[in-house]
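Here's the structure we're looking at; comments come further down.
The values are calculated or read from the model by the stated rules, or taken from the named source; none is laboratory data. The shown structure was predicted, so the numbers you read here are calculated from the model rather than taken from an experiment. All Cβ positions, glycine included, derive from the backbone under ideal geometry; neighbour counts span all protein chains shown. The protein model used for the area step is the full one, side chains on, heavy atoms only, and it has no ligands, DNA or RNA in it. Shrake-Rupley method; radii C 1.70, N 1.55, O 1.52, S 1.80 Å.
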Amino acid sequence: MRLGFVGLGTMGGRMAQRLLEAGHEVWGYNRTAGRAAWLVDAGLRPLPTPREVAERAEVTFSMVTDTAALRQVTAGPDGVLAGLGPGKVYVDMSTVSPEASRDLAARVAERGAAMLDAPVSGSVSTLEEGRLTLMVGGDGATFERVKPALLAIGSRATHVGGNGQAVLMKIATNLGLAVQMLAFSEAVLLAEQGGIRREDAVDVLLNSVVASPMVKYRGPFVLAMPEQAWFDVDMMQKDLLLALEAGRRLAVPLPTTATVNELLTAARGMGLARHDFAVIFEVLRRMAGAAGRGPEEV
């Protein structure tokens, strides 16, 4: 397929790489062009605007940080919308508000094209291993048409309903990541403060019934933080705020989500916003007045 990809950051760039490796022709745009140089070496064809990417491609993907960034790459004379037309498909993989996604889908339809929202569940490591899962919202026939490309990115793609439903499902998924990380951090800190070595507590927990896939790959961050955040405090808090707003709108109480959101606010106040959200362990450690050093790099 002739594909386009707008937003070639940490996750988007690796997705584009997997599409190239699957034999697809991929045109790409990134606001900071230099960050995509490694993809050009792998066969990506760079273009100067999102509009030109959408004009060249049958299916255009985007992966950006938030609703504001999505508007930047879709609106205006050089945006994705300007390059869409009848028969084309636009797949946005960003985590934004369901309302914003539905509004954008309506504007895509006005151009005669179709839109899917297709956020992913997983991390850099699961992406590189081909184990990402995708949730997809939009027209079922359009989903089937694009599914081969989606399965080049991840191992499973599930259609969950109309436009906006997949981003709602992603928001629901991500609140679980933060809540699990908080519970894991509390368990490790309680054990450590009671005299158990942190390394031993982590080893026990990662081999126990609480060891979900997320805990297995992110739990070790309480021992040593990654040099580059996989999903930083600001990004996670953005998703939690989307969840809390959805909970308010749908009258669903989210008490643990509210708690972890406040702890991420504390992380920002402590100057820890650039770190992976697993730094919540360090927030608890400081609140407990624990002696010694926190995770390496914090």
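Can you tell which of Ala22, Ala114, Ala75 is hydrophobic (A, V, I, L, M, F, W, C), out of contact with any Pro (no Cβ under 8 Å at 6 or more places or on another chain) and over 26 Å from Gly164 (Cβ atoms)?
Ala22
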Of those in the stretch 135-189 that are under 21 Å from Ser62 (Cβ atoms) and in a loop (DSSP other than H, G, I, E, B), the residue most open to solvent (accessible area, probe 1.4 Å) is Asp139
Considering the stretch 101-134, residues that are surrounded by fewer than 22 Cβ atoms within 10 Å (Cβ to Cβ) and at pLDDT 95 or above, and then whichever is nearest to Thr158 (Cα to Cα), we arrive at Arg102
Over the stretch 90-100, the set of residues under 11 Å from the mean Cα position of the chain (by Cα) and open to solvent by 10 Å² or more (accessible area, probe 1.4 Å) is Thr95
Going through the stretch 51-88 in order, the residues found to be assigned to a loop (DSSP other than H, G, I, E, B) and open to solvent by 20 Å² or more (accessible area, probe 1.4 Å) are Glu58, Met63, Val64, Thr65, Asp66, Ala75, Gly76, Pro77, Asp78, Pro86, Gly87, Lys88
Within the stretch 190-209, of all residues that are of a type in the set (S, T, N, Q) and not in a helix (DSSP H, G or I), the one least open to solvent (accessible area, probe 1.4 Å) is Ser208
